[in-house]
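The structure under discussion appears below in the form of structure tokens.
Just so you know, all these numbers are worked out from the coordinates, no wet-lab data involved. Computed from a predicted structure; not experimentally measured. We place every Cβ from the backbone using ideal geometry, glycine too, and count neighbours over all the protein chains shown.
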Amino acid sequence: MFVLAAVGIVLTAAAAQEALVETPDVLPAGLGRDETFYVCTACHGSAIVRQQGMTRESWEQTIDLMIQRQQMAPLEAPLRALIADYLAANFPPRRRAPANPFAP
Ligand code: HEC
């Protein structure tokens, strides 16, 4: 009985772990997607990246922030440019919602 319970706990833990595993296809297809995925999800999930919408300049600042505050290893210039281009192209600033046509 104890053994069955223990196996159950291990299996549940394995299933929970599985759910957290992400693959590059959580990000939109495009040049630099895989590089961005592997560099930017080393410490946190992709959602924290996907939920942002920023200019390229702000993405550059985010990369700097990750390096200065979060101990991310600095990136070689070409890789950094590839990732910044990818982020800016796929997660640009969001447009504001259209004005309410019923507003007085
Ligand atoms: C060395 C670890 C590490 C790497 C690599 C990393 N981050 Fe982070 N990042 C963090 C930590 C730690 C936080 C803040 C804590 C949290 O919420 O998880 C964070 C937070 C963020 C945030 C939330 C906003 C903020 O200012 O806190 C964004 C956006 C972000 N990261 C984007 C990126 C992008 C884009 C990359 C790839 C270029 C990246 N991160 C790579 C560690 C990392």
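Footprinting exposure proxy ranking of LEU82, LEU27, LEU87, fewest other C-beta atoms within 10 angstrom first, gives LEU82, LEU27, LEU87.
For the pair GLU22 and MET72, what calculated FRET efficiency results from E = 1/(1 + (r/R0)^6), where r is the Cβ-Cβ distance and R0 = 22 Å, to the nearest 0.05?
Numbers: r = 18 Å, r/R0 = 0.81.
After rounding to 0.05, the efficiency reads 0.80.
In a shell of Cβ-Cβ distance under 15 Å around LEU79, excluding LEU79 itself, what net charge do Lys and Arg (+1) and Asp and Glu (-1) give?
Here the count lands on -4.
Net length available on complete extension from SER46 to LEU65 is 5.2 nm, with 0.36 nm assigned per residue and the Cα-Cα distance removed. For the range 44-50, putting each phi into the Karplus relation 6.51 cos²θ - 1.76 cosθ + 1.60 with θ = phi - 60° gives couplings of 9, x, 6, 4, 4, 7, 4 Hz, in residue order, rounded to whole numbers and with x for Gly and Pro. Ordering ASP34, ASP25 from the fewest to the most neighbouring beta carbons within 10 Å gives ASP25, ASP34. Footprinting exposure proxy ranking of ARG95, ARG33, ARG50, fewest other C-beta atoms within 10 angstrom first, gives ARG95, ARG50, ARG33.
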